[in-house]
Amino acid sequence: MRDSLVFFILAMLVNISCYAREPNLTRNSKDSFFHVALFGQYSPGSKLGFGSYVSGSTVGPVITPGAAEFGTGSFTSAGLEFIFFNGPVSGFSIGYSSDSSRDIEHKQITYASGTATRTYFYPRDSMQNSSLLFNYYLIHTPERGYILLGLNYSNPKWTQATVTNSQISLSGDLGGQISMGFSLLKGVILDLTARTTSMKMKSTDPIAATFEDFGRGQIADILVGFKFIF
């Protein structure tokens, strides 16, 4: 997944260079305009990784450091953008996206002494996320499409499939995205997005008096879909 993400970003940078060499992409201060966009996307499975995982007892000093990883299933995403294009070249937008629930397929904890893996069978825990989006359109032409860079702030939620003593809490954090859009028809864009979503996670079991502090983690997704600009 990481190699695919690197290749995707490199391909976008090459396209930015090609756009920049177009002789007819000149800024016109009179061409400022506002649009509303709706989009829908699909993403295959990915991995949520935490590099500063610790676990131990809530009543004692024993702490075991390591790293944690969750394998996740596919999901869909839909959203809304308010876009202000400043001429034919650049623009910015504020938006909101909501992902469908993605299944948690496995959990892997890596310690200095070895690795512990748990496979989630049905019914599975799931994670759902929504995000505020802040995008800057580096390049935009109605005839060709766009390239944008952006930030997102996540609002993740974890749903446990079975009743347990563990209490899982998630909090949002800052991530980023880079997208390339290809115009198919007027106002219809094929959108390819590489997105990182960040969050903080902690699990406690008050009955067993244990805890897992996952720290700050990230999940990298590649999404493909359509954007409709009105």
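Nothing in this text is a laboratory measurement; each read-out follows from the coordinates by a stated rule. Everything numeric here is computed off the predicted structure, so don't read it as measured data. Here the Cβ is made from the backbone with ideal geometry for all residues, glycine too, and neighbour counts use every protein chain on show.
Modelled this way, with points 7 Å down the Cα-to-C-beta line, the labels at V59 and Q167 are 1.6 nm from one another.
Remark: region 88-230 carries a charge dipole of roughly 180 debye about the Cα centre, counting +1 on each Lys and Arg Cβ and -1 on each Asp and Glu Cβ. Relative to the Cα centre, the charge distribution of region 66-142, modelled as +1 at Lys and Arg Cβ and -1 at Asp and Glu Cβ, gives a dipole magnitude of about 120 debye. Spin-label model, R144 to A116: label points 7 Å out along the Cα-to-beta-carbon direction sit 5.4 nm apart.
Prolate is the label for region 126-230. Its Cα gyration tensor axes, ordered a ≥ b ≥ c, give a/c of at least 1.5 and a/b above b/c. For L170, the shell of other residues with beta-carbons less than 14 Å away shows a net charge of 0, using +1 for Lys and Arg and -1 for Asp and Glu. For K107, a cut-off of 30 angstrom between C-alpha atoms picks up these lysines, skipping any fewer than 8 places away in its own chain: K47, K157, K200, K202. The Cβ shell under 10 Å around G45 holds other residues with a net charge of -1, Lys and Arg each +1, Asp and Glu each -1.
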